[in-house]
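Down below is the structure, laid out as structure tokens.
A short reminder: the numbers here are calculations on the coordinates, not readings from a lab. Please read these numbers as outputs of a predicted model, since none were measured by experiment. Cβ sites come from the backbone with ideal geometry, for glycine too, and all protein chains shown count toward neighbours.
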Ligand code: ADP
């Protein structure tokens, strides 16, 4: 498969600066691994400060041209990019599975999902409306126009190597901004392939640049540059806080999509089948490695036994293996550190009285595979419930009342996604409104879509991605007052 991908025209291993594919200036490279086998699949440019500065300059220079194109023109080019992404769905999905590990079916889903942001924002490009405000003096006319913020730095994680980029670059380019992307060093190949398709689609040189390698060095250069007007980041809360603090020096705009600690609340009055299906989908998608994955299953005492039994049975059926193999539902975790973290959380829970109902250890396949796991009798203070596990482990907590469930659910610094399962419409509203979360799924485990706003309360982040609101983060509002008319 690697050989086929190498000859596809999408196999890029250099950075993209000003429309040119560039090696690291000191020739350094970094290896990209297949987490399912440990094989090295590529060596890519390992860049740092100097390359980042040049990428910022390219983006800065390109801004004056790109931001002045008509909205229609930018829209058409984004639409071309969307079409090319879909045309190359198979190859992009294979790249995602190779470097990230998720099952091919999920990778194909990610390409469709990622591309949908480019399509959506190609359309939104044409709807950047202003306002005319009734003036307080009769000889004045007051206007509001919206303008692109300027050069955007987009720092993205490895769990959705394509979609996290599309979600940021789509609206940025639609608004007329130019971008420097820093993909995760673990999954650069998908980002580079997408950038190649952007070039082919008529997005001019310099409008979209990609640098990768030394994350802190690149990150610091992006944050320090006065030419970069906005940082948009998806990743860990710790790095997000650092970037936000760094951005203060130049008062950049900041959008952050950080960690979650999603509660998935199953009430006694839930439809058991719907609850099992929804919890399974939200917990085990991408082997639990998404920030909207259920991190804690809160199950009411009346349905607890029935639910844990049926849920464990369903989890047992998940096939673990190489994402490229037929029928596999659970790929490997991204790296050894991830498995160690997951395993240490499981050990911590067990040592504090939780019970392993299924799995609970590394998978016999070795590498970074972990057994899909269900743990009962979990308490909210255990690491497995208070920290983001980011792995295929479902901790189940028992609760008595709705008030108690809401209290446990909100007892965290995170506030990204939450899920509730109930057949009561009153309870749906009551609990949805009480949850301190940016996204609530009611009787539904998969809620992400390009047409709806994605983002968190509290320490889960700032700003929203997707939907009409996703444009706001890339626009400045300008008030124009015409006097003495
Ligand atoms: P994750 O837990 O998802 O790996 P990280 O926050 O470590 O979360 O990574 C998300 C992105 O942030 C990646 O592109 C990574 O390279 C980048 N990153 C990590 N450390 C820094 C840093 N100090 N400055 C800027 N970016 C960073």
Handout entry: Centroid-to-centroid separation of region 212-266 and region 422-485 [C-alpha atoms, Å]
Key = 19
Fill in the blank from the handout: Rounded to whole Å, √(5λ) for the Cα gyration tensor eigenvalues of region 116-212, largest first, gives 34, 13, 12
Handout entry: Helix 49-66 axis, angle to the chain major axis (alpha carbon atoms, nearest 10°)
Key = 60
Fill in the blank from the handout: Under the rule rounded for a/c under 1.5, else prolate if a/b exceeds b/c, else oblate, using alpha carbon gyration tensor axes a ≥ b ≥ c, region 6-79 is classed as oblate
Exercise for the section: Please give the direction-averaged projected area of the C-alpha convex hull for the chain, in square nanometres with one decimal. Expected result: 24.0
Completion exercise
Cβ density ranking, 10 Å radius, fewest first, applied to 137, 84, 197, 222 yields 137, 84, 197, 222
Practice task
Determine the shape class of region 313-353: with a ≥ b ≥ c the square roots of the Cα gyration tensor eigenvalues, call it rounded for a/c under 1.5, and otherwise prolate if a/b is greater than b/c, oblate otherwise.
Solution key: oblate
Exercise for the section: Return the whole-Å distance between the Cα centroid of region 323-363 and the Cα centroid of region 140-184. Expected result: 35
Fill in the blank from the handout: By the mean-Cβ-within-10 Å protection proxy, highest first, 172-181, 230-239, 248-257 rank as 172-181, 230-239, 248-257
Exercise for the section: Output the Cα-based Rg and Dmax of region 9-163 in Å, rounding Rg to one decimal and Dmax to a whole number. Expected result: 20.3, 73
Handout entry: Values of log10 I(q)/I(0), in the order q = 0.16, 0.17, 0.21 Å⁻¹, for region 368-485 under a Debye, Cα-only, solvent-free model
Key = -0.92, -1.01, -1.34
Practice task
Order by neighbour count: 104, 92, fewest other Cβ atoms within 10 Å first, most last.
Solution key: 104, 92
Handout entry: region 368-413 and region 54-106: distance between their alpha carbon centers, rounded to Å
Key = 37
Fill in the blank from the handout: Note on region 260-320: the mean projected area of its alpha-carbon convex hull, in nm², is 3.9
Practice task
Note down the Stokes-Einstein diffusion coefficient of region 282-428 in µm²/s, whole number, using a Kirkwood radius over alpha carbon pairs, 25 °C, and 0.890 mPa s.
Solution key: 156
Exercise for the section: Kindly provide the helix-only [θ] at 222 nm of the chain, computed as the sum of -39,500 (n - 2.57) over DSSP H runs of four or more divided by all residues, to the nearest 500 deg cm²/dmol? Expected result: -12000 deg cm²/dmol
Problem - Antiparallel DSSP beta bridges within the chain, as percent of all bridges there, nearest 5 - result: 40
Fill in the blank from the handout: Here P(r) for region 330-404, Cα-Cα distances in 10 Å bins, as whole percents, is 21, 51, 22, 5, 0
Handout entry: Burial ranking of peptide ranges 183-189, 314-320 (average Cβ count within 10 Å, highest at the top)
Key = 183-189, 314-320
Exercise for the section: For a footprinting-style exposure proxy, rank 54, 473, 131 by other Cβ within 10 Å, fewest first. Expected result: 131, 54, 473
